[in-house]
Amino acid sequence: MTQGHGHPHPHPHDHHQGESLDQSEMAPVVDMSVADEELSPAQLSRRQMFRRAGLLGAGLTAAGVMGAPGVAAADSDAARHHVDHGGEREPRDGYLWLAGDHHIHTQHSSDGMYRVIDHVRHANAYGLDWMVITDHGSVAHAKIGVEKVNPDIVAARAAIKDTLVFQGLEWNIPAAEHGTVFVAPGRNEVATLKEFENSFDGSVKGAGASTPQNEALAIAGLNFLADAVRRRRVDDALFFANHPARKGIDSPHEIRGWRDAQPTIAVGMEGAPGHQAAGIAKPNGPGSGRGYYDNSPGADSFPGYPPESYKTFGGFDWMTSTVGGLWDSLLAEGKAWWITANSDSHTVFMDTSDRGPGSDFDANGRYNDPVYAGVANLSNGDFWPGFYSRTHVGSTGFSYGAVMDGLRHGRIWVDHGGLISGLVVRARAAGQPGVTLGDTLQVRRGAQVEVSIEITLANRPNWAQFVPTLARVDVIQGDVTGPVSDKDAFTTPATKVVQSFEVGKNSGTVSFTYKLGAVDRPVYVRLRGTDGNRTAPGLMGASVDPHGPQIDVFGDADPWKDLWFYSNPIWILPRR
């Protein structure tokens, strides 16, 4: 196992619990004339809990907090159930599982239209705890857009305090596709992103072609980000490859090259692209492919990819959805490479707004504010952030740094359409606490190991106004065989679905245990779940994946009728 993930993480306390404040310390917490930034970390944490519970501004006093049993009970209930964000901020397995989206476009993108605050308000309303604004890298954006969007982001952070708003950009990766690049907020966030974009963006530098020189420029960009973190110019930086199989131009050796060059910066890819509404059939929708995966090979495409790779499977990218495919080939090397799911929101399906009139994007680096058009646009292919796709991150607290740390360490599961409400996975040997997603369990050779799975089933209607039903959960296991000699390998033969669990109920919580038995070789385990509406044998054959996602029907792929969730892996390594 590489990248230093060979140790279990501790179980940090929830940031709402374990804080003991006396009455004098509590008074400023409930006094809203005291600004958030004037509070201590413990006081701010307690205020956030009260705010999310709806208790602030309702006659709450310090004496009531300290002395009234009814309020104390309400505090506890709020910490457990936190209704306004779908119950996801309660601690589960020692972490807050915070839902987010790292791929969102605004009026500062040449093909976008919405204000930053529009996206942040919608994301907050649809239950997102964190999000990244990722306007397209371009000449106009590099020149003025990256600076112009920042005041809007800063204002949104101040207005919507319980959704974390990162500034990033969508990098035109030299020689490859697009990717999210973002940094931790701070005084150098704009300067760092601006220098990065002007120096390493494939569009700005005219470096889109698949040449060795352009591939080297992409690596240089990742090195720049790592150096910015090392020199403390920014506190942190991350990169995820976006819609990696859409055009076939992210070759296997490039993906390996990004990850190997800077494994703490290049940490993953979109397991499922955005633009999920694009698959809705005409006349009710765009009638394209989910994710606008409607391409065929081009001059810069990797020639080894099969025709099926240009389509989605159950809304997920071919690299992720194929058991024994490209993602598994990376995991079988022991490479920490994580998947996410995002909206890629540009223009929203059935929205009634239009770009502001009189806009000059090239001159101003932005479109004017959107206006009411009066007609629902059925040709738009996107959903609002949080409306359909969610990336759930196991975080040690509600902060920018904690979210980035959770992403870097792979404590991630993703879902579409609110298929499930919660997921806790733990691999362990007998009598041990074990480890969670993204981590590595080290055991003595021959130890009996099991994976416990606890799923909170969907407990409310999704935004299409039905309660999804989880039908089946698949356990996928593969051997860790070490580095490959062929950097363009995109299959691994020893990965398959090893057990499936039928759920058999549609409310509450279900638990399953997968027993690996005596572990005598290094392996990894990941999970997948489905509503069972559309399944087919996987591309590697029924013996590998008997009931995987079907290839999506181009022009008729309603995303609400085919829901899946995926988890990131856990590795199990026996000691010699």
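Details
- A full extension of the chain between ALA430 and ARG232 corresponds to an added length of 67.0 nm, given 0.36 nm per residue minus the alpha carbon distance.
- The range 409-474 - charge dipole about Cα centre, Lys and Arg +1 at Cβ, Asp and Glu -1, debye rounded to 20: 180 debye
- Prolate/oblate/rounded label for the range 91-394 (Cα gyration tensor, a/c 1.5): rounded
- Applying both filters, DSSP loop and at most 12 other Cβ atoms within 10 Å, to the trypsin sites (Lys or Arg not before Pro) of the range 168-259 gives ARG187, ARG231, ARG232.
- Counting only Cβ charges, +1 for Lys and Arg and -1 for Asp and Glu, the dipole size of the chain around its Cα centre is about 1220 debye.
- Lysines with Cα under 24 Å of LYS194, excluding same-chain neighbours fewer than 8 positions away: LYS143, LYS148, LYS205
- Taking a straight Cα-Cα cut-off under 29 Å and skipping sequence neighbours fewer than 8 places away in the same chain, the lysines within cross-link reach of LYS311 are LYS247, LYS282, LYS335, LYS487, LYS496, LYS561.
- Basic side chains Lys and Arg get +1 at the Cβ, acidic Asp and Glu get -1 at the Cβ, and with that the dipole of the range 510-576 about its Cα centre reaches some 600 debye.
- One decimal place: the segment ALA261-VAL553 gains 101.4 nm when fully extended, by the rule 0.36 nm per residue minus the C-alpha distance.
- Gyration tensor verdict on the chain (Cα atoms; rounded if a/c is under 1.5, prolate if a/b is larger than b/c, oblate otherwise): rounded
- Neighbour cut-off at most 15 other Cβ (10 Å), DSSP loop, chymotrypsin sites (Phe, Trp or Tyr not before Pro), the range 132-195: none
- Of the trypsin sites (Lys or Arg not before Pro) found in the range 415-463, those that fall in a DSSP loop while having at most 16 other beta-carbon atoms within 10 Å are ARG445.
- Placing unit charges on the Cβ atoms of the charged side chains and taking the dipole of the chain about its Cα centre, the candidate lying farthest along the positive direction among ALA277, HIS253, LEU169 is HIS253.
- Peptides 113-124, 96-107 ordered by average Cβ neighbours within 10 Å, highest first: 96-107, 113-124
FYI, it's all coordinate maths here, none of it is from the lab. These numbers come from a predicted model, not from an experiment. Every residue, glycine as well, gets a Cβ built from its backbone with ideal geometry; the counts of neighbours run over all protein chains shown.
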